[in-house]
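Worksheet: one structure, shown below.
Nothing in this text is a laboratory measurement; each read-out follows from the coordinates by a stated rule. Given the structure is predicted, the values throughout are model-derived calculations rather than measurements. FYI the Cβ positions are ideal-geometry reconstructions off the backbone, even for glycines, and counts take in every protein chain you see.
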Amino acid sequence: MRGKTTILAGVLALLAAGLFAGGSVQAAETAAKAGSIGPTIKIFKGDKCVRPTEDMRRNHMKYILHQRDETMHEGIRTETYQLTNCVDCHADPKTNSVLGKDGFCSSCHQYAAVTIDCFSCHSPSPEENGQPPKAAETAPSRLMNLMRLSADNARPREDQP
Amino acid sequence: MSLSRRQFIGIGGAAVAAAAAAPGLRLVELANARSPEEAATSLQRWGLLIDISKCNDCDVCVTACSTENGWYGHNRPATDPQWIRKVTLKDNQTGYVESLPVLCQHCEEPPCVDVCPTGASFKRADGIVLVDKHICIGCRYCMMACPYKARSFVHEDTTNQKPYAPRGKGTVESCTLCVHRVDAGRIPACVEACNKDGHQAMAFGDLNDKTSEISKRLASAPSTQLRPDLNLNTGVRYQGI
């Protein structure tokens, strides 16, 4: 008898959990539609993604990670899952970036409470529209090179014949 | 099949243009180009030959590298990144001064790879020595191990990175031999700039291919590695030191 009660309680708990989960998913979708707290999803270029949307939502990180290692270590540079390919289509033409409040990458990751650090190294802007660095910073100045040379000469050097 | 006069001239013109453009283009493009799906293999070993006698007191190679890869200094010479730098050598007895660019020597036996605790510092199959910044923990052992002081640590937040040359604070970086260009069948930015400027002091190519320009030049004149005593078999060679 006690066993039966436990099972019944378990089933009830499962049902309740299911209902709750379903309800929250629905709530999230509604919220997204209403545009109140959901992520901003704006797509600026291209008809469709390299994979179906549902697949990309769940698995884009796996595709990018796989591509990352292949490119870095083996020099395989197929375009399909390249991060630059993501950025090319999804960068907002106004901000020229996938970051920012309504940026394609950052708005969704913020909503999902995921911290990504792709863009602490990678450029969030497509190449052709990339803002060039300030003139003063583009290249080390002549003066700085001279300073570097004197520093080099001052340090003990192994490459002197 | 008959061609109109206009068609005949059109086809003839195209053929002449192709014949004129082809020799220069094909030698470089076809020899180096690899399809994007293809992995780099040890059939090739990329190398660089620097002829010091043709190297002037200029810094186009340094500027070109900086522009291409998006690195720049903060007026702090001790810690600023330098993927390639000009070093002046002076013979104290005669007073003869010469200037040469020093960059990652892309060793066959790289000490930076030996000491890396995470495997971030690695050598690609085609001999290019790189840092996988995804797994670099910024310990800087490789910087200490490198006899050429070729590596830099990124001390500052980075901005305006190039899409093909990611760089970020807390990781070590160095010359990549412009790997993004090499994979596309092009030559490194420093070599291109030096040749464009008319100095012709740098040559890039496949050391395994005996018919390449670099191999021929190495075979026909004496050259040296920096610190040959270390037996690192560097991919960067110097002439006229």
Value of Rg to Rh for segment B:42-164 (Rh from inverse mean 1/r over Cα pairs, i.e. Kirkwood): 0.98
Run the paramagnetic zone check for B:SER42: 7 angstrom along Cα to Cβ, then residues of segment B:184-213 with backbone nitrogen under 14 Å. B:208
If one takes the longest principal axis of the Cα atoms in chain B, at what angle in degrees, from 0 to 90 and to the nearest 10, does the Cα axis of helix B:5-32 lie? 20
Compute from the Cα atoms of segment A:40-129 the Rg and the Dmax, the latter being the longest Cα-Cα distance, and quote both in angstrom. 12.8, 36
Amide H neighbours of B:ARG237 at under 5 Å, excluding residues fewer than 5 places away on the same chain, with H built from the backbone geometry, are B:LEU48, B:LEU49, B:ILE50
Among B:CYS175, B:ILE137, B:PRO188, whose Cα lies farthest out toward the positive end of the dipole of segment B:46-239, if unit charges sit on the beta carbon of Lys, Arg (+1) and Asp, Glu (-1)? B:ILE137
Ranked by GNM mean-square fluctuation in chain B (Cα springs under 10 Å), the top entry among B:ILE84, B:ILE187, B:ILE135 is B:ILE135
Rounded to the nearest 0.05, what FRET efficiency do A:LYS94 and A:ARG57 have when you use their Cβ-Cβ distance and R0 = 22 Å? 0.35
Can you pull the mean other chain C-beta count within 10 Å for peptide B:162-171? 5
Calculate, for A:LYS48 and B:ALA33, the FRET efficiency according to 1/(1 + (r/R0)^6) with r their C-beta to C-beta distance and R0 35 Å; round to the nearest 0.05. 0.70
If the elastic network links every pair of Cα atoms under 10 Å, which of B:GLU108, B:GLU37, B:GLU173 fluctuates the most in the Gaussian network model of chain B? B:GLU37
Against the longest alpha carbon principal axis of chain B, how many degrees, from 0 to 90 and to the nearest 10, is the axis of helix B:60-69 turned? 90
Out of B:VAL97, B:VAL62, B:VAL154, any idea which swings most in a Gaussian network model of chain B, alpha carbons joined below 10 Å? B:VAL97
Per residue, the convex hull volume that the Cα atoms of chain B enclose (Å³): 184
